[in-house]
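The structure under discussion appears below in the form of C-alpha cells.
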Amino acid sequence: MARVFSGIKPTGGVHLGNHLGALQNWVSLQDRADAVYCVVDLHALTVPHDPDELRTATLSLAQILMAIGLDPDRCTLFVQSHVHEHSECAWIMECTAAFGELRRMTQFKDKSEGSDFVSGALFTYPALQASDILLYDTNQVPVGEDQRQHIELTRDIAVRFNNRYGDTFVVPEAVIPEAGARVMDLQHPTAKMSKSDESPQGTVLLLDEPSVVEKKIKRSVTDSGSEVRYDPAEKPGVSNLLAILGAATGQSPQRAADGIERYGDLKAATAEAVIEMLRPIQERYHELAADPAETGRLLAKGADKARQVASATMARARANLGLLEA
Ligand code: AMP
Ligand code: TRP
C-alpha cells in the first residue's frame, strides 16, 4: 500500500481552504493508503508566537482533524515535536538543500516581506518540511496548490541525497485535488484564503457558527455583470463561490453553476452547502474537546507508531552519511 504523509500548522484556525484543498483528501486517503498525518507545531515556531496559544491550538487542531474524520485506528495522527527525528533530520536536509533553492521559495518571499522579525528558520522551513516527508518513506503528499514548490524541492533533496550517499529516501510526489485546490479569500478573490487574522471577513473557519458562515458568504465580493458562470480570470469572485459550492457538494464548479441564475441565489446555495458540510464536524468537535486527556492519549499512541518508522529511516541516513555509531 502507498504511504501518504501530510502536515498542517497549528496557527490561526482551520479554514475552508485547508478543508477543501487538503483535509477532505486526507480523510478519503485513509482507506486507500497507509496514511500518516502530522500537526506540525515546529513549523509554527518560525514566526513569533504565544506559548499558551500554541499549546491550545495544537490540541484543538488535533481534535478538528479527528472531527473531520481522521480516525487514529485507520491512520497515524501525531504531533511533530513528539517525534524528535523531525528536527534531527531537518539538519541533514539543510545540509543537502542548496541556498539558491531555498531562496527561490515563494512562501518565504511572501511571509518575510514587511515582517519586523524574520527568523533564519523561516528561510530553512522547507528543509524541515522535507524531513517530515522523507522520514516516512512517503510516496504521496496530499496538499493544496500552494505547497507544490515545497514538494518539488523535497523531491530534489531526496534525489540528491540518494545520488551522493546511496539509496536512503523514497522520492515522493504531490497529490493536489482539482476542485478546491485553491480556495480564494471571500473579500479579495484574487488572493488565497488564509489565516483569519489577515482577513477575518474573507476567511470561513471550520468552527464558525452557521450565522457567521452565512454572513461571510452573503457579503462576499462578486464581480461586475450578473451572469453566473465559472471563469476565474474574468469572474474571480463568482468562480470562487462556484468552486466552494462544487467542492462542498462533490461536483465540478461548472456543474455547480447549473440552474443558478443570480448572484444572490449562488450565495444562498453556497452558504447552505457549507453550513451543512460543517454541522456534523462541529458537533463531533465539541464532543472531543470535552475530553482533552483522551486526545492526549491518542496522540501519544500516534507518536509511538510514527517514531518506529522515523527512527528506522534516521538510522539508515546516519549510516549512509558516515556518522559514527554511538
Ligand atoms: P497550512 O494551514 O498553511 O498549514 O496549510 C495546510 C494545508 O491546507 C496545505 O496542504 C495547504 O496547501 C492547504 N491550503 C491552505 N490554504 C489553502 C487555500 N486557500 N486553498 C486550498 N488549499 C489550501
Ligand atoms: N508547509 C505546509 C503548509 O504551510 C505544512 C507542512 C509542513 C507540510 N510539513 C509538511 C505539508 C509535510 C505536507 C507535508 O501548509
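Brief remarks follow.
- Failed item, numbered, when Phe123 is tested on (1) within 15 Å of ligand 2 (Cβ to nearest atom); (2) crowded, with 19+ Cβ neighbours inside 10 Å: (2)
- Listed by position, the helices (runs of 4 or more DSSP H) contained in segment 1-104 that have at least 2 residues being of a type in the set (Gly, Ala, Ser) and within 18 Å of the chain's Cα centre (by Cα) are 51-67.
- When Tyr136 is tested against (1) within 15 Å of ligand 2 (Cβ to nearest atom); (2) surrounded by fewer than 17 Cβ atoms within 10 Å (Cβ to Cβ), just one condition goes unmet, and that condition is (2).
- When the residues of segment 161-175 are filtered to those that are touching a residue at least 40 places away in the same chain (Cβ under 8 Å) and in contact with a helix residue (DSSP H, G or I) (Cβ under 6 Å, 6 or more places away or on another chain), the one that is surrounded by the most Cβ atoms within 10 Å (Cβ to Cβ) is Phe169.
- Count of segment 108-135 residues which are within 14 Å of ligand 1 (Cβ to nearest atom) and in contact with a helix residue (DSSP H, G or I) (Cβ under 7 Å, 6 or more places away or on another chain): 9
- Val4 being touching a strand residue (DSSP E or B) at 6+ places or on another chain (Cβ under 8 Å), β-branched (Val, Ile, Thr) and within 16 Å of ligand 1 (Cβ to nearest atom): yes
- Residue among Ile157, Ile217 that is closer than 25 Å to Ala44 by Cβ, of a type in the set (Val, Ile, Thr), modelled with pLDDT of 95 or more and over 16 Å from the mean Cα position of the chain (by Cα): Ile157
- Test: Ser87 is within 14 Å of ligand 2 (Cβ to nearest atom), within 29 Å of Asp291 (Cβ to Cβ), at pLDDT 95 or above and of a type in the set (S, T, N, Q): no
- Residue satisfying all of: in segment 186-211; in contact with a strand residue (DSSP E or B) (Cβ under 8 Å, 6 or more places away or on another chain) and without any contact (Cβ under 8 Å) to a residue 60 or more places away in the chain; nearest to Lys111 (Cα to Cα) among these: Ala191
- No other residue among Thr168, Thr138, Thr154 is within 16 Å of ligand 1 (Cβ to nearest atom) and part of a loop (DSSP other than H, G, I, E, B) apart from Thr138.
- Filter pass, Pro48 being touching a residue at least 40 places away in the same chain (Cβ under 8 Å) and surrounded by 19 or more Cβ atoms within 10 Å (Cβ to Cβ): no
- Scanning segment 60-73 for residues that are within 14 Å of ligand 1 (Cβ to nearest atom) and of a type outside the set (Gly, Ala, Ser) turns up Leu61, Ile64, Leu65, Ile68, Leu70.
- Out of Thr11, Thr56, Thr76, sole residue that is away from ligand 1 (no atom under 14 Å from the Cβ), β-branched (Val, Ile, Thr) and either surrounded by fewer than 20 Cβ atoms within 10 Å (Cβ to Cβ) or modelled with pLDDT under 95 (or both): Thr56
- Test result for Ala312, in contact with a strand residue (DSSP E or B) (Cβ under 7 Å, 6 or more places away or on another chain) and either of a type outside the set (A, V, I, L, M, F, W, C) or assigned to a helix (DSSP H, G or I) (or both): no
- Here Asn25 clears all of (1) touching a residue at least 40 places away in the same chain (Cβ under 8 Å); (2) buried (at least 20 other Cβ atoms within 10 Å of the Cβ); (3) closer than 28 Å to Ser119 by Cα; (4) within 12 Å of ligand 1 (Cβ to nearest atom) except the condition numbered (3).
- Scan of segment 177-213 for residues that are more than 11 Å from ligand 1 (Cβ to nearest atom), β-branched (Val, Ile, Thr) and modelled with pLDDT under 95, ordered by number: Thr190
The values are calculated or read from the model by the stated rules, or taken from the named source; none is laboratory data. The structure displayed is predicted, hence computed values, not measured ones. Positions of Cβ are generated from backbone atoms using ideal geometry, with glycine treated the same way; all protein chains shown enter the neighbour counts.
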